[in-house]
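Q: Quick one: this structure, given as structure tokens, is what I'll be asking you about.
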Amino acid sequence: MPVDETLLDSIRTNVGAETVHSLGPVTALTIRRYARAIGESNPLYFDTEFARARGHAEIVAPPNLVTAITCWDEGPAAEGLREDGTPLVMQLEGLPTSGVRVMGGGEDMEFHAPITAGTTVVERSTMLDAELRQGRTGPFIVVRYRHEFVDGDGVLLVTSTRKVLVR
């Protein structure tokens, strides 16, 4: 599939569209595993009593945990993956599902409230814009999304503005 104005126009039809999906509860095991994986040793991420002594109901997730996990289930089998290793069914609405490569292009995050074990998280995603650019190896499209992660009561936890490159 050529990366051109036609593809750009088809992607832009999704600008402003919002999708909402529940990530479900963040478990203590997920928090501990993620903290270990990123080399954290802060007891706030492992020790319930330590976290409670600091005013939290449970252990606290490292700030970027919800933005780092792109798939909260077991993920697709090999036949459910694109050639570049990303899922055929993308959570980023409006992107083509074949004929292009999709990759991360950077992310800005703002942390509003700590996420503790047991918190149910909902992600609201909105495509902000899309722009065709020319690179050294040819054209590519930069798509920007805003992701708002809220708890079950709608309290804002994390805001992320993510760039995705399509080439």
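The values are calculated or read from the model by the stated rules, or taken from the named source; none is laboratory data. What you see is a predicted model, and the numbers here were worked out from it, not measured in a lab. Cβ sites come from the backbone with ideal geometry, for glycine too, and all protein chains shown count toward neighbours. Accessible surface is based on the protein model in full, side chains and every heavy atom, while ligands, DNA and RNA are left aside. Shrake-Rupley method; radii C 1.70, N 1.55, O 1.52, S 1.80 Å.
Q: I'm told Leu132 meets every condition in (1) within 16 Å of the chain's Cα centre (by Cα); (2) within 26 Å of Arg82 (Cα to Cα); (3) open to solvent by 50 Å² or more (accessible area, probe 1.4 Å) except one. Can you identify the failing condition by its number?
A: Of everything listed in (1) within 16 Å of the chain's Cα centre (by Cα); (2) within 26 Å of Arg82 (Cα to Cα); (3) open to solvent by 50 Å² or more (accessible area, probe 1.4 Å), Leu132 misses just condition (1).
Q: Got at least one residue in the stretch 2-17 being part of a loop (DSSP other than H, G, I, E, B) and under 15 Å from the mean Cα position of the chain (by Cα)? Please lay out each step first, then the result.
A: Quick first cut of the stretch 2-17, residues part of a loop (DSSP other than H, G, I, E, B) only: 2-4, 13-17.
Now narrow it down to the ones that are under 15 Å from the mean Cα position of the chain (by Cα): none.
So far as the stretch 2-17 goes, no, none of its residues is part of a loop (DSSP other than H, G, I, E, B) and under 15 Å from the mean Cα position of the chain (by Cα).
Q: Identify all residues within the stretch 137-167 that are polar (S, T, N, Q), under 21 Å from Val26 (Cβ atoms) and open to solvent by 20 Å² or more (accessible area, probe 1.4 Å); write none if there are none.
A: Within the stretch 137-167, just Thr159 meets the criteria.
Q: Here's another thing I want to ask about it. If I go through the stretch 33-62 residue by residue, how many of them are surrounded by 15 or more Cβ atoms within 10 Å (Cβ to Cβ) and out of contact with any helix residue (DSSP H, G or I) (no Cβ under 7 Å at 6 or more places or on another chain)?
A: Residues meeting the conditions: 3.
Q: Suppose the filter is open to solvent by less than 60 Å² (accessible area, probe 1.4 Å) and of a type in the set (Ser, Thr, Tyr); does Thr19 pass it? Break it down stepwise before answering.
A: Numbers: open to solvent by less than 60 Å² (accessible area, probe 1.4 Å): yes; of a type in the set (Ser, Thr, Tyr): yes.
So Thr19 fits the description; yes.
Q: Residue check: is Ala130 modelled with pLDDT of 95 or more, assigned to a strand (DSSP E or B) and not basic (Lys, Arg)? First the steps, then the outcome.
A: Working: modelled with pLDDT of 95 or more: yes; assigned to a strand (DSSP E or B): yes; not basic (Lys, Arg): yes.
So Ala130 passes the test.
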